[in-house]
Amino acid sequence: MIGLILGTSEGKSILSLLNKFTEDILISTATEYGGELLQNYKYAYLNTKPLNLEGLKELFKEKGIRILVDASHPYAVEITDNAIKACSELNIEYVRYERASCVDKFKDHEKVIEVENYEGLYDKLKYIKGTVLNTSGSRNLDKILSLGVENRIVHRVLPSIKVMNECLSKGVKIDDIIAIKGPISYNLNCAFIKEYEAKAMILKDSGIQGGTEEKIKACVDNDIYAFIIERNTRNYKTIFYNEENLVQYIVEKLKSTKTKM
C-alpha cells in the first residue's frame, strides 16, 4: 500500500494522478477539513487526526505501507520529522514532495528580506514605523505576539470560528483581524496594504500555490518590506517538485516491486 501525507492543495492532484493506477492508498491529513476535500477521490483508508511518531508507526505497520509520500506543508516540520523517523525504523521508502520556492526571483530587492525564524523578526520590526500585516497564519500567532513590538499588527487568518476565538482569547482586537481564506490575488494584497497603510508584511515561503508570489509582488510594488520566514531545509534522499514526475516514480517503483515478487 502507498502512504500519502497530505497538507497542501497539490495533494488532490497527486491523488488524482495515482488513481489512474491504483486505489490501494492510505491518506493521512491533520484535520477533518483536509479529509473532506478528498471525498471525490479513491483510496483504501483515510486518517484525519494528527499523529505523533508512535501513531504513524502503528498506522504504517497495520496497513502495510511500502512507500510513503510526504506532501505536507513546507512548514509542517514536526510531521515531516516524524514521518522520516517512522520510515527509517520500519524500512519504508520515504519520498518527499515539496512546493518549489518562488523567493529567489525577488532577492535583488532590498526590501525583500528572509528571516531565519520568528525570533529574528524582532530586530527587523523594531525599525518599522507603522502597521505590519501578518500573513503567516494563526498557528504562529503566539510567536508574533510574544515579540512585544510596538507596531500595530494586523493578522490575516482563516475565517473559522475556532481561529477567531483563538485570536480573541489571545488579546487580538477585532479591528486587527482580516478573516479570509487564501490564497488571495495580487490586487487584494495591494488593497490590504493600502487600507491599513502597512509598512511591512510577514509571510512564509509557501510557493506559488500558497500565494507567496502575489504577496511579494504587492510588497515590492507598494514599496514596503516583505519579511519572509525561511523554510527548514533538509537533504532529502528523494524529493520531487512536480506532481507528474512524483507519480511516475511511484508507479515505476510499484512495477519493480511486483516484478521482484
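FYI, it's all coordinate maths here, none of it is from the lab. The shown structure was predicted, so the numbers you read here are calculated from the model rather than taken from an experiment. Quick reminder, even Gly has a Cβ in these numbers, built from the backbone with ideal geometry, and neighbours come from all protein chains shown.
To make sure I understand, if each residue's beta carbon is the centre and we count other beta carbons within 10 Å, what order do Tyr94, Tyr186 fall in, fewest to most? Could you put the intermediate results ahead of the total?
Numbers: Tyr94 20, Tyr186 15.
Least to most surrounded, the residues fall as Tyr186, Tyr94.
Using the Kirkwood radius built from alpha carbon pairs, what does the Stokes-Einstein equation give as D for the range 104-229 at 20 °C and 1.002 mPa s, in µm² per second? The partial results should precede the final answer.
Working: Rh = 14.5 Å.
My calculation gives 148 µm²/s for D.
Label Lys173 and Glu150 with points 7 Å out from Cα along Cα→Cβ: what is the distance between them in nm?
For the pair Lys173/Glu150, the computed spacing is 1.6 nm.
For the pair Tyr249 and Ala191, what calculated FRET efficiency results from E = 1/(1 + (r/R0)^6), where r is the Cβ-Cβ distance and R0 = 45 Å, to the nearest 0.05? Each step should come with its number before you reach the end.
Details: r = 42 Å, r/R0 = 0.92.
Rounded to the nearest 0.05, the efficiency is 0.60.
How long is the gain from Lys107 to Ser256 if the chain were fully straight, where each residue apart is worth 0.36 nm and the alpha carbon distance is subtracted?
49.4 nm
Around Leu4, which amide H atoms from residues at least 5 apart in sequence, or from another chain, sit under 5 Å from its own amide H, with H modelled in the peptide plane?
Leu26, Ile27, Ser28, Val69
For Ile208 and Tyr236 in the same chain, what is the full-extension length gain: residue separation times 0.36 nm, less their Cα-Cα distance, in nm?
Computed gain between Ile208 and Tyr236 is 7.9 nm.
Label Glu89 and Ser9 with points 7 Å out from Cα along Cα→Cβ: what is the distance between them in nm?
So the two model labels end up 3.6 nm from each other.
At q = 0.17 Å⁻¹, what is the base-10 log of I(q)/I(0) for the chain according to the Debye formula with one equal point scatterer per Cα and no solvent? Please give it to two decimals.
Debye curve over Cα of the chain, log10 I(q)/I(0) at q = 0.17 Å⁻¹: -1.28.
List, in order, the whole-Hz ³J(HN,Hα) value for each residue of the range 221-237 obtained from phi through the Karplus relation with A = 6.51, B = -1.76, C = 1.60 and θ = phi - 60°; use x for Gly and Pro.
For the range 221-237, the Karplus curve yields 6, 9, 6, 10, 6, 10, 9, 9, 6, 5, 6, 7, 8, 9, 9, 6, 5 Hz.
Given H placed 1.01 Å from N in the peptide plane, which residues other than close sequence neighbours of Ile178 have an amide H under 5 Å from its amide H?
For Ile178, whose amide H was placed from the backbone, the distant partners under 5 Å are His155, Arg156, Val157.
Whole-Hz Karplus ³J(HN,Hα) for the range 200-215, in order, using 6.51 cos²θ - 1.76 cosθ + 1.60 and θ = phi - 60°, x for Gly and Pro?
So the J values, rounded to whole Hz, are 7, 10, 9, 8, 10, 8, 9, x, 4, 4, x, x, 5, 4, 5, 5.
Just name one of Val69, Ile239, Leu26: the one whose Cα is farthest towards the positive end of the charge dipole of the chain (beta-carbon charges, Lys/Arg +1, Asp/Glu -1).
My answer, from the dipole projection, is Leu26.
Taking 8 Å as the Cα distance limit and 6 or more residues as the minimum spacing, I'd like the relative contact order of the chain as a percentage. Don't skip to the answer; put the middle values down first.
Details: 420 pairs, mean separation 52.1, N = 261.
Taking the mean separation of contacting Cα pairs over the length of the chain, I get 20 percent.
Mind giving me the nanometre distance, one decimal, between the label points for Arg139 and Asn52, set 7 Å out from Cα along Cα→Cβ?
Between Arg139 and Asn52, the simple spin-label model gives 1.8 nm.
Given a Förster radius of 45 Å and the C-beta distance between Lys20 and Tyr127 as r, what FRET efficiency does 1/(1 + (r/R0)^6) yield to the nearest 0.05?
Details: r = 53 Å, r/R0 = 1.17.
Step by step, r from the Cβ atoms, then E = 0.30.
Under a 5 Å amide H to amide H cut-off, with H placed in plane at 1.01 Å, what residues pair with Glu114 once short-range neighbours are removed?
Close amide H contacts, sequence-distant or interchain: Ile228.
Quick one: putting +1 on the C-beta of Lys and Arg, -1 on the C-beta of Asp and Glu, what dipole do you get for the chain around its Cα centre, in Debye to the nearest 20?
Values: 37 positive and 37 negative charges, 87 e Å.
Roughly 420 debye, rounded to the nearest 20.
At R0 = 22 Å, how high is the FRET efficiency between Glu78 and Ile161 if r is their beta carbon distance? Nearest 0.05 is fine. Write down the numbers at each step before the final one.
Values: r = 25 Å, r/R0 = 1.14.
It comes out at approximately 0.30.
To make sure I understand, if each residue's beta carbon is the centre and we count other beta carbons within 10 Å, what order do Phe240, Phe60 fall in, fewest to most? Walk me through the numbers on the way to the answer.
On the way: Phe240 20, Phe60 23.
If I rank by nearby Cβ atoms, fewest first, I get Phe240, Phe60.
Have a look at Asn187, Asn151, Thr131 and report the one farthest towards the positive end of the charge dipole of the range 92-199, computed about the Cα centre with Cβ charges (Lys/Arg +1, Asp/Glu -1).
Toward the positive end, the furthest listed residue is Asn187.
List Cys87, Cys190 from most exposed to least, where exposure is judged by having the fewest other Cβ atoms within 10 Å.
Details: Cys87 21, Cys190 16.
Listing Cys87, Cys190 from fewest to most nearby Cβ atoms yields Cys190, Cys87.
Do the alpha carbons of any pairs in Lys105/Lys204; Lys129/Lys199; Lys61/Lys85; Lys49/Lys143; Lys105/Lys199; Lys12/Lys61 sit beyond 18 Å of each other, and which pairs? Can you show the working numbers first?
Numbers: Lys105/Lys204 15 Å; Lys129/Lys199 7 Å; Lys61/Lys85 14 Å; Lys49/Lys143 24 Å; Lys105/Lys199 21 Å; Lys12/Lys61 25 Å.
Check vs 18 Å cut-off fails for Lys49/Lys143; Lys105/Lys199; Lys12/Lys61.
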